[in-house]
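S.K.: Got a structure for you, questions after.
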Amino acid sequence: MDEGGLPPGAPRRRLGNFRTPELASRVRTVLAEAGIPSRGEPDPGRPDRWGRLLDRLVQLAGTGGNRVWVPRTRAREAAKVLAAARRRGG
């Protein structure tokens with residue numbers, strides 16, 4: 001398991017690309033409080049070779065942004081948690 005709670009190679013979905021690292025960090029904090037694991041880095045154990053190559057090219061080009069990745073099975077739940085936090089002003 002990596003530090004975000006997502007094992008390498010686990011199916012994941014990009015939840016968003018946030019403007020600043022601070023905002024992405026706050027999003028990951030809100031998700032952690034809801035018990036949803038997340039990660040800010042691409043998956044180093046991604047099973048498909050082309051996907052790993054694309055992740056690496058994006059990282060080298062400097063267009064990595066401030067992405068937040070969540071388990072694919074919990075992506076909808078994560079979006080609802082963020083929407084609720086936004087409505088609360090958090």
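The values are calculated or read from the model by the stated rules, or taken from the named source; none is laboratory data. Note that the coordinates shown come from a computational prediction; the quantities given were computed from them, not determined experimentally. Every residue, glycine as well, gets a Cβ built from its backbone with ideal geometry; the counts of neighbours run over all protein chains shown. In case anyone asks, the SASA skips ligands and DNA or RNA and just uses the protein heavy atoms, side chains included. Shrake-Rupley method; radii C 1.70, N 1.55, O 1.52, S 1.80 Å.
S.K.: Considering only residues of region 75-90 that are part of a helix (DSSP H, G or I) and touching a residue at least 60 places away in the same chain (Cβ under 8 Å), which is least open to solvent (accessible area, probe 1.4 Å)? First the steps, then the outcome.
M.R.: Filtering region 75-90 down to residues part of a helix (DSSP H, G or I) leaves 75-88.
With touching a residue at least 60 places away in the same chain (Cβ under 8 Å) added as a condition, the list becomes 75, 78-79, 82.
On the way: 75: 15, 78: 0, 79: 49, 82: 22 Å².
Taking the candidates together, the pick is 78.
S.K.: Scan region 49-60 and report the pairs whose first residue is touching a residue at least 60 places away in the same chain (Cβ under 8 Å) and whose second residue is outside any helix (DSSP H, G or I) and basic (Lys, Arg), with Cβ atoms within less than 8 Å and a gap of 6+ or a chain change.
M.R.: Sorted first by the residue in region 49-60, then by its partner, the list stays empty.
S.K.: Another question, then. Mind counting the residues in region 6-25 that are among the small types (Gly, Ala, Ser) and touching a strand residue (DSSP E or B) at 6+ places or on another chain (Cβ under 8 Å)?
M.R.: Within region 6-25, the subset among the small types (Gly, Ala, Ser) is 9-10, 16, 24-25.
Filter once more, so that each one left must be touching a strand residue (DSSP E or B) at 6+ places or on another chain (Cβ under 8 Å): 10, 16, 24.
Residues that pass the stated criteria total 3.
S.K.: Also: Considering only residues that are of a type in the set (A, V, I, L, M) and modelled with pLDDT under 85, look in region 54-85 and name the one that is nearest to residue 11 (Cα to Cα). Spell out the reasoning first.
M.R.: Here is the first cut: in region 54-85, the ones of a type in the set (A, V, I, L, M) are 54, 57-58, 60-61, 68, 70, 75, 78-79, 81-85.
Keeping just the survivors that are modelled with pLDDT under 85 gives 54, 57-58, 60-61.
Values: 54: 16, 57: 20, 58: 19, 60: 23, 61: 24 Å.
Among those that are of a type in the set (A, V, I, L, M) and modelled with pLDDT under 85, it is 54.
S.K.: Can you tell me which residues in region 39-74 are surrounded by fewer than 17 Cβ atoms within 10 Å (Cβ to Cβ) and among the hydrophobic types (A, V, I, L, M, F, W, C)?
M.R.: Selection gives 50, 53, 54, 57, 58, 60, 61.
S.K.: Report, by residue number, each residue of region 12-29 that is open to solvent by 30 Å² or more (accessible area, probe 1.4 Å) and either touching a residue at least 12 places away in the same chain (Cβ under 8 Å) or within 11 Å of the chain's Cα centre (by Cα) (or both).
M.R.: Correct list: 13, 14, 15, 17, 18, 19, 20, 21, 23, 25, 28.
S.K.: Could you identify the single residue in 9, 35 that is surrounded by fewer than 12 Cβ atoms within 10 Å (Cβ to Cβ) and part of a loop (DSSP other than H, G, I, E, B)?
M.R.: 35
S.K.: Please determine, by comparing only the residues of region 22-51 that are modelled with pLDDT of 80 or more and of a type in the set (D, E, K, R), which one is farthest from residue 5 (Cα to Cα).
M.R.: My answer is 49.
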